[in-house]
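Here the structure is laid out as structure tokens; the discussion comes afterwards.
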Amino acid sequence: MTQAHNTHHSSNYLAKLFMTHRTRVKICGITRSEDLQAAIAAGADAIGLVFYDKSPRFVSAETAASLLPAIPPFVTSVGLFVNATSEEVMAIVGTAPVSMLQFHGDETIDQCCHAAKAVNRPFMRAIRMKPGMTGADLLEYEHSYRAASRLFSGILLDAFVDGYGGGGKVFDWSLIPKELAPRVVLSGGLSVQNATEAVLQVRPHAVDVSSGVELSKGIKDPVKISEFIRAVRAAEHG
């Protein structure tokens, strides 16, 4: 077998690997044990617990602590915070030791880094896509956070609406730079209907869904969870 043939074979293999990248799936806003079990059974890679008391998907630290033991190895538990102080994060993580933090409010870089350091947890920063925001802005956000803390894990992109959270709204995915897409978590208005298209267009590292797999606010639909994950998988061979 010639070196040229080996090189061609390797290139084809790498191309195939790229086309079959496994997109990670986070099911956010879990409030009940049965919803947690449904997400795990369907193949979710991460579970989101909302510690923002104004959210209809809010869970107390005590409720979260009762859910965490059911999460198996290699499924990440993510605690979502909105404008919480470091002391509040410490108190919640002390009771409910989630694996990762997600900051979804108006926190500064310093506030995010300080809270993450206080509990020694990696963190994601949610960026709500305000009108006029550009791809260059997103790259700058990522660079700034990565330079500021070794605990920074990546950015999650969500739609901008009044209040906090995407509110089931989709933003313009074409704003995401191609070089950034393989590292981002895509959120905002995702559902069974658009999950395949979203993954095909953006090719993100992961997708995050909440309202798109619900029966009502805070109550998940096991059928929608399963169908959503199947829709994501369908894109991986597209």
Exercise. What full-extension length gain, to one decimal in nm, is calculated for R183 and K54 as 0.36 nm per residue of separation minus the Cα-Cα distance?
Worked result: 43.5 nm
Seminar exercise, completed: In degrees, nearest 10, the alpha-carbon axis of helix 3-19 is tilted away from the dominant principal axis of the alpha carbons of the chain by 30 degrees
Seminar exercise, completed: Restricting to lysines and to Cα separations under 27 Å from K117, and discarding same-chain partners fewer than 8 apart, the set is K26, K54
Problem set entry | Rotationally averaged projected area of the chain (alpha carbon convex hull; nm²) | 14.1 nm²
Seminar exercise, completed: Given 25 °C, 0.890 mPa s and a Kirkwood radius over Cα pairs, the Stokes-Einstein diffusion coefficient of region 185-227 in µm²/s is 230 µm²/s
Exercise. Any idea what Rg and Dmax come out to for region 41-129 if you just take the C-alpha atoms, in Å?
Worked result: 12.5, 38
Exercise. Among rounded, prolate and oblate, which fits region 112-238 when a ≥ b ≥ c are the square roots of the eigenvalues of its C-alpha gyration tensor, a/c under 1.5 means rounded, and a/b larger than b/c means prolate?
Worked result: prolate
Problem set entry | Qualifying aspartates and glutamates (Cα of each under 12 Å from Cα of K130; at least 8 residues distant if same chain) | D158, D162, D172
For this session: Multiply the residue separation of I109 and R32 by 0.36 nm, subtract the distance between their alpha-carbon atoms, and state the gained length in nm to one decimal.
Result: 24.5 nm
For this session: Report Rg/Rh for region 89-179, rounded to two decimals, where Rg is the Cα radius of gyration and Rh the Kirkwood radius.
Result: 0.99
Problem set entry | Total formal charge among the other residues, if their Cβ is under 11 angstrom from that of L101, Lys/Arg +1 and Asp/Glu -1 | +2
For this session: Kindly work out what percent of the DSSP beta bridges joining two residues of the chain are antiparallel, to the nearest 5.
Result: 5 percent
Exercise. With every protein chain left in place, what is the accessible area per residue of the chain in square angstrom, probe 1.4 Å?
Worked result: 48 Å²
Problem set entry | Value of [θ]222 nm, deg cm²/dmol, for the chain, DSSP H segments ≥ 4, -39500 (n - 2.57) each, nearest 500 | -11500 deg cm²/dmol
Seminar exercise, completed: Hydrodynamic radius by Kirkwood for region 61-106, inverse mean 1/r across distinct Cα pairs, in Å, is 11.0 Å
Exercise. Between rounded, prolate and oblate, where does region 162-234 land on the alpha carbon gyration tensor, with a ≥ b ≥ c its root eigenvalues, rounded for a/c under 1.5, else prolate if a/b exceeds b/c?
Worked result: oblate
For this session: Roll a 1.4 angstrom probe over the protein heavy atoms and tell me the percent of accessible area of the chain that is carbon or sulfur.
Result: 56 percent
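The values are calculated or read from the model by the stated rules, or taken from the named source; none is laboratory data. What you see is a predicted model; the values in this text were computed from it and never measured. Positions of Cβ are backbone-derived with ideal geometry, glycine not excepted, and every protein chain shown enters the neighbour counts. For the accessible areas, the whole protein counts, side chains as well, though only heavy atoms, and no ligand, DNA or RNA atoms are used. Shrake-Rupley method; radii C 1.70, N 1.55, O 1.52, S 1.80 Å.
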